[in-house]
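Notes to accompany the following structure.
FYI, it's all coordinate maths here, none of it is from the lab. Quick caveat, the model's predicted, so the values are computed rather than measured.
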Amino acid sequence: MKRGGVIWSAALAIVVAALLSPASRAVIIGATKSHPYAMGFIKFAILASMGELLAVRITSGEWKLPIGMIYRSVVWGGMGFCNVGMFTLLYNGTAAALASGMLPGGGLKSALVHAIWASVALNLTFAPTMMISHRILDTYLDLAGGRLRRLPSIRMNTVIARIDWSNLIEFVCLKTVVLFWIPAHTVSFLLPTEYRILFAAALSVVLGVILAFAKRSRALAAGAGDLCSSPADAQRIAA
């Protein structure tokens, strides 16, 4: 295993050990309850970034840092920060809607029905906005070569022209939402509150790996190179 693989595996081992150890797990849960936004940022910044690195490894065949990796991690962290608020808002909002009869199934008083509606609300409202925003920010970083001082010189119309909108809307915002994210986040909303964002961050890793293998398989079948237009394409929709 190359150096990158060793480092990545060691980081994963540390994360797993921290979650399995009763003492460290209690600290993480306590911090999540006391500082939910900060912990949401940290969880996504770490786990989703690890997933992006693994996706790059799968698609390119080597361990390498995407352009502007530090800033990409900050973007992932921002997504985690936003997810904390939206998870709470939409979970509580769908609970109120079910209780008032504004959504079908309220009379069942079922945790599963509530989780399904919360996931549907999350993924049909907030998720597409987050996915598009993430693609725009990553494209800015790609065009700037990962250097913040170059960002002011990049015009929005250049970014818009660079994005594969067909893939973003048809595949990322539609197919993955229906086939992956709604079922996956239904499970998220069935978990205790303190585990939901952690699970959502882990899901971004899982989906990134699945998409990376799919892209690599298509590339090999077509006799082409890496099909990702940017290093984060295989893992664009984290949460």
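Structure notes:
- Dividing the convex hull volume of the alpha carbon atoms of the stretch 81-184 by its residue count gives 119 Å³ per residue.
- The fraction of all Cα pairs in the stretch 23-138 landing in successive 10 Å bins from 0 to the largest distance is 13, 31, 31, 20, 5, 0, given as whole percents.
- Inter-centroid distance (Cα atoms) of the stretch 1-45 relative to the stretch 151-193, Å: 25
- Cα-based Rg / Dmax (Å) for the chain: 18.6, 57
- On the principal axes of its alpha-carbon atoms, the stretch 1-82 has extents of 40, 28, 15 Å, going from largest to smallest.
- The angle between the Cα long axis of helix 3-20 and the main principal axis of the chain comes to about 10°, on a 0 to 90 degree scale.
- Shape analysis of the stretch 1-40 based on the Cα gyration tensor places the equivalent ellipsoid semi-axes at 26, 12, 4 Å, largest first.
- Taking max minus min of the alpha-carbon positions on each principal axis, the stretch 77-139 gives extents of 46, 17, 17 Å, largest first.
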